[in-house]
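*Asks:* Before anything else, here's the structure in question.
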Amino acid sequence: MNKLFFYLYRKGIGFISLLPVLTICFFGLGCGKKAPPRLPAPIKTEKIKIIKSQAEKGKIDISWIYDKNKFLASYFEIYRSKEDGNFEKIATVNVKEKSKNGEEALEKQVFQYGDTKNLVDGNWYHYVIAGINDKGELSGISDAVDVYFSKELPPVRNLRGELEKNYVKLLWDSPFDSLEKDKKEVAGYNIYRRKAGNKLFKAVNSALIRKKSFIDMKIRKDMVYEYVVKAVDNFFPPWHEGAASETVIIDTADNEAPEPPMNVKAVGGVDRISLKWEKSISEDVAGYRVYRSESEDGEFVLQNKELLRNEYYDDLNVTAGVRYFYRVSVVDDSENSNESELSEIVSAEPL
């Protein structure tokens, strides 16, 4: 919306009512002064950023950022139009310069307005936010945003999740029992996820999901995720979503131990015993541990304080003529540091 005409609109001055005056001034017939006519000075305003415009729970929510570093406003005016393009002021939101505890308001604040006034199902609505300073002048204005309003869909039913080896699989049922109504009312679904302890859910899918299932590959081990799914009744954003489903919690903690090492071999050498084994087939190997005993049925004691990164080990703390028994394990890279079962026993004597 042109800033000049928006300003004139707020003052109740229409463009048509100005035509005679502008015509007289333009053709030099006089504007009450002898000096050449001058156009109004440009109105300097800053752009207001709208961060949310969404229909939900029977209303349309509009949120925007007020940055005091860019412009000052005593209050905001909310303008709305239908498809005819005629904007009308529907509300005023005041700016509080002091917070509840008496401290100065933050430099950046988020304001919100929920529009419930005479909304008609199946209509598009267009909104503009205007910031007004303490002189009653326009100091900031947003671009127009478009929101489609329709009755909210019921929540998705029976959401469930399964943790597979490296992904989460979600399944759910339609909000409707009737297959015919499902095809008619539901365009698709959006999936939202958050880490346990976080407040906000974030969208996981980039495109509308048409099936009643979804595979989330973008997960990390040893995390707790929460999921909700919302049904959508339009095909293009901004989405008109139904109520959120019940939350499903998925714990990706890795409690599965890796496979033990295979083909462990021990060879006696001069003042040493050398061990080697095949690389573990597990994908999440952090390293290996070597255990030793001086009898086959005795206690096996850990020999290396730090994990071994390679598939071999030289035991130098040995005595000639003594037979030593060994077992090797694999440790994974999970938060739990799961350890495999011990390998089969091998033995050797140093030379």
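*Asks:* Would you please name the residue that is surrounded by the most Cβ atoms within 10 Å (Cβ to Cβ), looking only at residues in the range 194-203 that are in a loop (DSSP other than H, G, I, E, B) and at negative phi?
*Replies:* Phe201
*Asks:* Give the residue, chosen from Ala253, Ala286, that is of a type outside the set (Lys, Arg), closer than 21 Å to Tyr312 by Cβ and in contact (Cβ under 8 Å) with a residue 24 or more places away in the chain.
*Replies:* It is Ala286.
*Asks:* Take Asp182 and tell me if it is part of a loop (DSSP other than H, G, I, E, B) and acidic (Asp, Glu).
*Replies:* So Asp182 fails the test.
*Asks:* Continuing with the same structure: If you go through the range 190-220 one residue at a time, how many are of a type in the set (D, E, K, R), touching a strand residue (DSSP E or B) at 6+ places or on another chain (Cβ under 6 Å) and closer than 15 Å to Ile249 by Cα?
*Replies:* Residues that pass the stated criteria total 3.
Here is a yes/no grid of residues against (1) over 27 Å from Ala253 (Cβ atoms); (2) assigned to a strand (DSSP E or B):
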site: Ser329; (1), (2): no, yes
site: Glu335; (1), (2): no, no
site: Glu344; (1), (2): yes, no
site: Ser347; (1), (2): yes, yes
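Results for (1) surrounded by 10 or more Cβ atoms within 10 Å (Cβ to Cβ); (2) not charged (D, E, K, R), shown as yes or no for each residue.
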{"position": "Asn205", "(1), (2)": "yes, yes"}
{"position": "Met217", "(1), (2)": "no, yes"}
{"position": "Tyr225", "(1), (2)": "yes, yes"}
{"position": "Asp233", "(1), (2)": "yes, no"}
{"position": "Phe236", "(1), (2)": "no, yes"}
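*Asks:* Within the range 159-177, can you find the residues that are surrounded by fewer than 20 Cβ atoms within 10 Å (Cβ to Cβ) and more than 19 Å from Glu241 (Cα to Cα)?
*Replies:* Within the range 159-177, Arg160, Gly161, Glu162, Leu163, Glu164, Lys165, Asn166, Tyr167, Lys169 meet the criteria.
*Asks:* Only one residue in Ile215, Ile250, Ile273, Ile191 is within 30 Å of Lys59 (Cα to Cα) and either out of contact with any Phe, Trp or Tyr (no Cβ under 8 Å at 6 or more places or on another chain) or assigned to a strand (DSSP E or B) (or both). Which one?
*Replies:* Checking each option against the conditions leaves just Ile191.
*Asks:* Being exposed (fewer than 12 other Cβ atoms within 10 Å of the Cβ) and either in contact (Cβ under 8 Å) with a residue 40 or more places away in the chain or over 19 Å from Asn263 (Cα atoms) (or both) is the filter here, so list the residues in the range 289-313 that pass it.
*Replies:* Those that are exposed (fewer than 12 other Cβ atoms within 10 Å of the Cβ) and either in contact (Cβ under 8 Å) with a residue 40 or more places away in the chain or over 19 Å from Asn263 (Cα atoms) (or both): Ser295, Glu296, Asp297, Gly298, Glu299, Val301, Leu302, Lys305, Glu306.
*Asks:* Here is a list of conditions, (1) within 39 Å of the chain's Cα centre (by Cα); (2) part of a strand (DSSP E or B); (3) surrounded by 14 or more Cβ atoms within 10 Å (Cβ to Cβ), and Ala243 meets all of them except one; can you say which number that is?
*Replies:* Unmet for Ala243, out of (1) within 39 Å of the chain's Cα centre (by Cα); (2) part of a strand (DSSP E or B); (3) surrounded by 14 or more Cβ atoms within 10 Å (Cβ to Cβ): (2).
*Asks:* Checking the structure you have, find out if any residue of the range 158-172 is in contact with a strand residue (DSSP E or B) (Cβ under 8 Å, 6 or more places away or on another chain), of a type in the set (Lys, Arg) and in a strand (DSSP E or B).
*Replies:* Within the range 158-172, one or more residues are in contact with a strand residue (DSSP E or B) (Cβ under 8 Å, 6 or more places away or on another chain), of a type in the set (Lys, Arg) and in a strand (DSSP E or B).
*Asks:* Quick check on the range 120-143: of everything there that is surrounded by fewer than 17 Cβ atoms within 10 Å (Cβ to Cβ) and among the hydrophobic types (A, V, I, L, M, F, W, C), which residue is nearest to the chain's Cα centre (by Cα)?
*Replies:* Per the stated criteria, the residue is Trp124.
*Asks:* Here's another thing I want to ask about it. With respect to Asp297, determine if the residue is acidic (Asp, Glu) and in a strand (DSSP E or B).
*Replies:* Answer is no for this residue.
A short reminder: the numbers here are calculations on the coordinates, not readings from a lab. Computed from a predicted structure; not experimentally measured. Note that we place each Cβ from the backbone using ideal geometry, even for glycine, and neighbour counts take in every protein chain shown.
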